[in-house]
Structures are given as structure tokens and as C-alpha cells.
Amino acid sequence: MRTLIIEADGASRGNPGEASYGAVVEDEDTGELLAELAEYLGRATNNVAEYRGLIAGLEAAAAIDPRARVKVRMDSKLVVEQMSGRWQVKHPDMKPLAERARGVLPDAEVTYEWIPRNLNGHADRLANEALDAAAAGRAWVSPTPLRVGSGAAAATTAAQAAAPVSAKSQVAWSPDLGRPTRLLLLRHGVTPLTLEKRFAGIGDPPLVEAGQEQARRAAERLRADVRYGPVDAIVASPLRRTLATAEAVARAVGLPVEPEPGVREIDFGLFEGLTFAETHEHYPSELSAFLGSAEVAPPQGETLAALARRAVEAKDRLVARYPRQTVLVVTHVTPIKALVCAALGAPLSAVNRMELAAASLSVIDYYDDGLCNVRCVNDTAHLD
């Protein structure tokens with residue numbers, strides 16, 4: 001059985017600060033260099049960058065030869081011990097990354113080894129090259145095209161498809177990479193809380209009759225309009241209003257609905273169910289702090305930054321799972337705005353400067369090299 005060697009590293013200038021990863025895949029027997037990977041991540045911790053490098057290396061190895069044994073070598077004691085099962089993964093930012101890493105290849109085929117930093121110089125160099133390229137306003141380009149194995153030749157490279165999008169990595173033209181992975185982001189139809197302009201997060205109101213009609217109109221458009229389709233898969237936030245909207249489309253196009261918790265609405269905590277005026281009356285300082293910082297949560301709620309992280313992680317999973325396909329994602333106003341911000345490289349404060357009507361459609365294309373294209377935001381042609 002073939003054995004592949006992965007060396008991976010992360011870099012963060014500030015920790016947290018401007019971050020990136022680097023990863024290398026080689027054939028153990030021949031020493032052939034099979035892949036060099038690096039990506040600018042935006043602002044992140046070094047641990048996050050280390051995990052992203054590991055994931056990129058594993059996904060590249062899976063694309064090269066999904067039947068190979070894999071030996072991972074890293075200078076991160078934390079990642080090696082956690083992925084070996086000797087240390088628990090406790091930090092909330094690490095858990096989804098560790099789960100994603102474990103899901104790439106069977107556990108029995110992957111081993112982990114700690115190596116001194118001076119023996120991990122190749123991956124470290126790639127990570128720093130990606131940071132330097134981002135600082136210069138250009139995309140890092142791998143000098144070693146991925147050697148995809150015959151079993152995966154028809155698929156896109158998972159490591160590339162799942163690469164995060166960042167503002168600085170977008171400042172470049174790319175060659176024609178063929179069909180992108182397209183996410184059709186459909187907001188659910190109106191509910192009683194929508195009509196009364198109340199905070200509606202993890203509360204579970206149903207669609208009202210007007211919301212059901214909006215769902216039917218969206219379904220008819222997605223069935224008949226080939227501008228953005230046809231739809232290959234449907235996923236939805238696991239709340240009633242999103243599932244009902246998704247099921248209307250599912251009936252029209254003949255596809256099942258897959259729940260995706262990562263695109264659930266933000267948890268508004270004690271703001272839930274209140275109008276803006278009521279919230280300002282009862283929680284004036286808390287509301288001001290929440291609106292003023294993505295890192296401040298409503299009382300007993302969730303920060304905008306946390307919502308954005310899990311929405312982007314969900315996007316990464318979908319792009320890796322459905323390469324070069326069109327996926328309908330039925331979700332809520334805040335996850336859609338967060339994904340648009342991520343695609344544009346805009347700060348999360350921009351969520352307060354976007355209008356997204358109920359049952360509106362926004363479309364983002366994700367390409368194999370990590371670049372993306374926001375095709376439309378708040379398209380309501382099917383409702384007019």
C-alpha cells in the first residue's frame with residue numbers, strides 16, 4: 001500500500017493576527033513532491049492556522065490517493081496529541097476543525113508524529129509565503145500542481161474547494177477553472193416575528209400563509225429558471241421556517257432536504273421575540289454593545305463572530321461535499337449576510353448595511369483555487 005507524508009504548519013503574526021497555513025504532500029517511497037499548498041486565512045490564531053494546514057494536507061492526500069496510508073508530521077504538539085486521541089479538544093474553535101480533519105480519511109489509515117520546528121521548514125516557508133503574498137495584495141500560487149490520482153481525476157481537489165476565501169487573496173485574475181460550486185442562499189419566508197420586526201433567532205415560529213406563498217414562488221422559480229440552476233442538492237437550517245421553505249422547493253425539483261446546523265440563525269438570547277424598540281427599552285447598553293462589536297453577544301446569546309465562523313465552516317463543508325455542483329441553502333438573514341461579507345472580504349459590521357427580504361435569493365460561486373464571485377444579493381424577482 002502506498003504511503004503519503006504530510007507536513008503542515010500554520011503562521012499567525014500576532015496570535016490572533018494575520019494568519020495562513022502551509023502544507024506539503026510527498027510520496028514516502030520515492031520522495032516525489034506531490035503537492036504544495038498554502039492559503040491566507042485573514043485574522044486567526046496560530047492553532048486555527050495549524051488545523052487548517054492539517055485539513056488542507058489531508059484533503060490533498062485524499063484527492064491524490066484515497067487508499068494510501070498517511071503519515072502526518074507537524075511541530076504543533078497540540079494538534080498531534082489531539083488528533084492522536086491523547087488530549088481532549090476543548091476549545092470551541094478547535095472542535096469543528098478537529099472533526100473535519102477526522103472525517104477526511106479513515107482513522108486507521110492516518111498516524112501523527114511530532115517533529116521539531118526546524119524539520120518542518122518546508123510547510124513553514126509556504127505559510128509565510130502566503131502571508132507575504134497577501135500583504136502585497138496578490139494571491140499565492142502553488143508551484144506544484146496537485147497530482148490527483150486516477151480514482152479522483154473527475155473530482156475537484158477537495159483541499160482547493162474547501163479553501164477559505166479572504167479579501168487579500170482575491171486581488172488577482174485567475175485562469176478559467178470551469179464550473180464553480182454555486183451556493184444559492186435562500187432566506188426563509190415570513191413568520192409572525194418577521195412581520196412584526198422582532199428578533200427571531202433560535203426561536204421556532206412557523207411560516208404564516210404569506211410565507212408559505214413566498215416559498216411556493218421561490219420553488220417555482222428554482223424549478224423553471226435555469227439562470228442559477230439546476231439545483232443538485234438542498235440543505236437547510238433545522239428550524240421550522242427554513243425546513244418548510246426548503247421542503248416547498250424540494251417538492252418542486254424532486255430532491256431531499258438535508259439539515260445543516262451550521263446555517264442556523266444567530267442565538268439572540270434575551271433579545272429573542274422583542275422588537276428593536278422593546279430591546280432598546282429593556283437592554284439599552286447590551287443592545288448598543290451587541291450592535292457595536294461582532295465579539296459581544298446579547299445576554300445569554302451568541303456573538304456575530306461565532307455565527308460567522310460556523311456559517312463559513314458550513315460553507316466549507318458544502319463546497320467540499322458538492323464540488324462543481326449547485327446547492328440550495330435555505331437559511332436566515334444573518335448567516336447569508338455573514339457569508340456575503342466573507343466572500344467580499346468585508347468586515348462583519350457590514351451586516352448592518354445590507355437589506356435581505358424574506359424569501360430573497362443571494363448567489364455566491366466558489367472556484368477551485370479559493371476565489372469566489374458574489375453574483376447577486378437580495379434577488380426578489382420571483383416575489384414581484
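Only the coordinates and a few stated rules stand behind these numbers; no lab work does. Note that the structure is predicted; figures quoted are calculated from it, not measured. Note: ideal-geometry Cβ built from the backbone for every residue, glycine included; neighbour counts use all protein chains shown.
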Practice prompt. Using the charge dipole of the chain (Lys, Arg: +1 at Cβ; Asp, Glu: -1 at Cβ; taken about the Cα centre), state which of T242, G262, V374 has its Cα farthest towards the positive end.
Written response: T242
Worksheet, complete the sentence: Per the charge dipole of the chain (beta-carbon charges, Lys/Arg positive, Asp/Glu negative, Cα centre), the residue among H282, S293, I336 reaching farthest to the positive end is I336
Worksheet item: Quick one: putting +1 on the C-beta of Lys and Arg, -1 on the C-beta of Asp and Glu, what dipole do you get for region 250-384 around its Cα centre, in Debye to the nearest 20?
Response: 440 debye
Worksheet entry | Dipole magnitude of region 3-159 about its Cα centre (Cβ charges: Lys, Arg +1; Asp, Glu -1), debye to nearest 20 | 500 debye
Practice prompt. Count charges around A297 for me, please; just the other residues with Cβ under 11 Å from its Cβ, Lys/Arg as +1, Asp/Glu as -1.
Written response: -4
Worksheet item: In debye to the nearest 20, how big a dipole does the chain give about its Cα centre with +1 on each Lys and Arg Cβ and -1 on each Asp and Glu Cβ?
Response: 440 debye
Worksheet, complete the sentence: Most packed first (mean Cβ within 10 Å per residue), the peptides 126-132, 275-281, 255-261, 58-64 order as 58-64, 126-132, 255-261, 275-281
Discussion item. If you take every residue apart from R217 with its C-beta less than 14 Å away from the C-beta of R217, what net charge results, scoring Lys and Arg +1 and Asp and Glu -1?
Written reply: -1
Worksheet item: Pick the calculated P(r) over Cα pairs in 20 Å bins from 0, in percent for this structure from [x] 21, 41, 25, 11, 3, 0; [y] 28, 54, 17, 0; [z] 17, 25, 22, 16, 10, 6, 2, 1, 0, 0?
Response: [y]
Fill in: Per-peptide average of other Cβ atoms within 10 Å, ordering 45-52, 81-88, 342-349 highest first
45-52, 342-349, 81-88
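Add -39500 (n - 2.57) for each DSSP H run of 4 or more in the chain, then divide by its residues: what number comes out at 222 nm, to the nearest 500 deg cm²/dmol?
The helix contribution divided over the chain gives -10500 deg cm²/dmol.
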Fill in: Karplus (6.51, -1.76, 1.60) ³J(HN,Hα), θ = phi - 60°, over region 68-84, in Hz, Gly and Pro reported as x
6, 6, 10, 10, 9, 10, 9, 8, 8, 4, 4, 5, 4, 5, 5, 6, 7
Worksheet item: Put +1 on the Cβ of each Lys and Arg and -1 on the Cβ of each Asp and Glu in the chain; which of G178, V70, S360 then has its Cα farthest toward the positive end of the dipole?
Response: S360
Worksheet entry | Virtual spin-label span in nm between R251 and K90, 7 Å along Cα→Cβ | 5.0 nm
Worksheet, complete the sentence: Length gained, A136-A108, 0.36 nm per residue minus C-alpha separation, equals 5.9 nm
Discussion item. How charged is the neighbourhood of N15? Take every other residue with its Cβ under 12 Å from the Cβ of N15, and add Lys/Arg as +1 and Asp/Glu as -1.
Written reply: 0
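How do the peptides 297-304, 331-338, 134-141, 32-39 rank, highest first, by the average count of neighbouring beta carbon atoms within 10 Å per residue?
On the way: 297-304: 19.2, 331-338: 25.2, 134-141: 16.0, 32-39: 22.4.
Descending packing order for the listed peptides: 331-338, 32-39, 297-304, 134-141.
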Worksheet item: Under 17 Å from the Cα of K315, which lysines turn up, not counting those fewer than eight places away in the same chain?
Response: K95, K337
Item to complete: Assign one of three labels to region 181-383, namely rounded, prolate or oblate, based on the Cα gyration tensor with a ≥ b ≥ c the square roots of its eigenvalues; rounded applies when a/c is under 1.5, prolate when it is not and a/b is larger than b/c, and oblate otherwise.
Response: oblate
